[in-house]
Amino acid sequence: MSIISADVIAASNEPLLEQQKRDYLHLTEQLARRRIDIEAVKAKVKRFEVALPSWGVGTGGTRFARFPGAGEPRHVFDKLQDCGVVHQLTRCTPGVSLHLPWDHCSDYSELRGQAKSMGLYFDAVNSNTFSDQRDQPHSYKFGSLTHTDAATRAQAVEHNLAVIAAGQELGSKALTVWIGDGSNFPGQQHFRRAFDRYLDSASKIYDALPDDWRMFLEHKICEPAFYSTVIQDWGSSYLAASALGKKAQCLVDLGHHAPNVNIELIVARLIAAGKLAGFHFNDSKYGDDDLDAGSVSPYRLFLVFNELVAAEHEAVQGFNPAYMLDQSHNVTDPVESLMSSAAQVLRSYAQALLVDRAALDAAQDGNDALVATQLLKKGFETDVTPLLQQLRLEEGGAIDLIGAYRASGYRARVAQQRPASQGGGGGIV
């Protein structure tokens, strides 16, 4: 099912075809001089997929305010349609990650069928025990999986089990667990007991996982708990994943680290330990801003992919990370931001594929710091735009993502179909 007419995409591509052809030929010649086969690189990039977060197609917000955009999705079927547009134009985002109960549906088989008609499937499912829901018996104000009250912990566990059941109906193969549990004052929480309660609760969830599922443990340095967070860094996440078992792994959200933390080093450590679940891609300036991927630190994103491509090149056993965007779009059209981020993620992957691995190994073994860093810069500074555009063109997508999207009039069309949202409140969608 095409959401945007193929004729609209073709009309957008047509005036760009001749220039695209010349640019692609020029890049082909450039890479050939470096003994790089552009078609081999393109084939690898073609297989790369990054999933979309269902919540990412809505306008986000902060603790202070939310300013709704036009044509915001009313329910999960609208969200799926917006995700379908992103994939139709980018051709690299067929996976959709749902968040429950935000995306609760009375008929998951119908939802799965709708996704299939758009060429989409369902990625990891996400549980929500960081906010209270209507008619919920026990509040998560002071924690969920780590709450001092056993009944509250049991409620949080049951919710995760329900999310697993929904995920099975959707065809998902992983559960992502992030909790906001922690403390806001010194002395408020017994650190060791809280972590023990987390392990006890998480083990009940882990035991309910289907045999072919994985459990992604997500950490975050702070917020909403501003003094201490139970799973606050990759070390805590690794300890928990190791205690739970083989199917539990550590998810890396690029916005969930302290400033100047060496995220690519963390990625390398988790790869070596066989505990890298995957990524939530975004960017950050001061805290967990959830900015568009690569909008502030594209080189850092490239360095992360350098570690991933190295592991792929070295055929590290068990290396199978999941990739997803996780962003809050406060002032942009979410569809446009998601497309831009997906393209940036593929750009970083393609650039990392251009690094001469044999030369880099030799420079590292010879302690030649300057040559080693220049080899990385050579990959990063290569403009792979023609390669990405050519791939989209061959797959029926758009050469100019934003141009084609705006020419389609999609946002104006759904704005007429979907009632305007009310602003004024704080918090994400």
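Overview of results
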read-out	value
Flag for THR373 being free of Cβ contacts under 8 Å to residues at least 12 places away in the same chain and hydroxyl-bearing (Ser, Thr, Tyr)	yes
Any chance VAL331 is open to solvent by 20 Å² or more (accessible area, probe 1.4 Å), farther than 23 Å from PHE122 by Cβ and modelled with pLDDT of 95 or more	no
Hits in segment 311-322 - residues which are open to solvent by 20 Å² or more (accessible area, probe 1.4 Å), touching a residue at least 24 places away in the same chain (Cβ under 8 Å) and assigned to a helix (DSSP H, G or I)	HIS313
Subset of segment 140-164 (residues that are within 23 Å of the chain's Cα centre (by Cα), among the small types (Gly, Ala, Ser) and open to solvent by less than 50 Å² (accessible area, probe 1.4 Å))	none
Lone unmet requirement of (1) open to solvent by 50 Å² or more (accessible area, probe 1.4 Å); (2) in a loop (DSSP other than H, G, I, E, B); (3) more than 22 Å from GLY379 (Cα to Cα) for ILE4	(1)
Boolean, ASP290 is within 14 Å of the chain's Cα centre (by Cα) and either of a type in the set (A, V, I, L, M, F, W, C) or modelled with pLDDT of 95 or more (or both)	no
Residues satisfying the stated conditions in segment 145-185, i.e. within 30 Å of ARG112 (Cβ to Cβ), in a loop (DSSP other than H, G, I, E, B) and either modelled with pLDDT under 95 or not β-branched (Val, Ile, Thr) (or both)	LEU145, GLY171, SER172, LYS173, TRP178, GLY180
Segments classed as helices (runs of 4 or more DSSP H), wholly inside segment 323-429, with at least 2 members that are under 26 Å from the mean Cα position of the chain (by Cα) and on the phi < 0 side of the Ramachandran plot	334-353, 369-380, 385-394, 401-408, 410-417
Extreme residue, nearest to the chain's Cα centre (by Cα), among residues of segment 105-118 that are open to solvent by 40 Å² or more (accessible area, probe 1.4 Å) and touching a residue at least 40 places away in the same chain (Cβ under 8 Å)	ARG112
Every pair of residues 6+ apart whose Cβ atoms lie under 9 Å, when the first sits in segment 179-194 and is basic (Lys, Arg) while the second is open to solvent by 10 Å² or more (accessible area, probe 1.4 Å)	ARG193/THR148
Any pair with Cβ under 9 angstrom, 6 or more apart, that starts in segment 156-168 at a residue that is touching a residue at least 60 places away in the same chain (Cβ under 8 Å) and farther than 14 Å from THR146 by Cα and ends at one that is crowded, with 21+ Cβ neighbours inside 10 Å and charged (D, E, K, R)	ALA166/ASP103
Conditions (1) in contact (Cβ under 8 Å) with a residue 24 or more places away in the chain; (2) open to solvent by 30 Å² or more (accessible area, probe 1.4 Å); (3) within 21 Å of the chain's Cα centre (by Cα); number of the one not met by ARG47	(1)
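The values are calculated or read from the model by the stated rules, or taken from the named source; none is laboratory data. Remember, predicted model here, so these are calculated numbers, not experimental data. As a convention, Cβ positions derive from the backbone with ideal geometry for all residues, glycine included, and neighbour counts pool all protein chains shown. Accessible surface is based on the protein model in full, side chains and every heavy atom, while ligands, DNA and RNA are left aside. Shrake-Rupley method; radii C 1.70, N 1.55, O 1.52, S 1.80 Å.
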